[in-house]
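One structure is given below, encoded as structure tokens.
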């Protein structure tokens, strides 16, 4: 299950970041805002879903991690602490995992290929590729 959680966190991460940027530390208490972009609203729903499912001592710890990450968006440690709290919630609650998977859009099959430099070649799949001056292909 840890590989699935890691994959889910990789997909959810940009949405969480967008939510913190748009809503700040109030992301857990504010209602969805029509003026905020869809990515931020999805991140807010993810965080709110996790927060709603946490109980007892876990909820204030999650709230603190959210506030720390919102307070300093450039602080990688604060972002990691928040991700750790979400991962802990997912490990503790398989139903939460399924609920968050249902919130996230299907991963796209987009492939990004980049070529850089003189005579660089970039291709998703390729048969024969030759670069160079005065190259001849033949029998």
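What the table below lists for this structure:
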{"quantity": "Failed item in (1) on the phi > 0 side of the Ramachandran plot; (2) in contact (Cβ under 8 Å) with a residue 24 or more places away in the chain; (3) not in a helix (DSSP H, G or I), with residue 24 passing the rest", "calculated": "(3)"}
{"quantity": "Residues of region 121-139 satisfying the condition of being modelled with pLDDT of 70 or more and loosely packed, with under 10 Cβ neighbours inside 10 Å", "calculated": "123, 129, 130, 131, 132, 133, 134, 135, 136, 137, 138"}
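The values are calculated or read from the model by the stated rules, or taken from the named source; none is laboratory data. These figures come from a predicted structure and were not determined experimentally. Because the Cβ atoms are built from the backbone with ideal geometry, glycine has one as well, and the counts that use them run over all protein chains shown.
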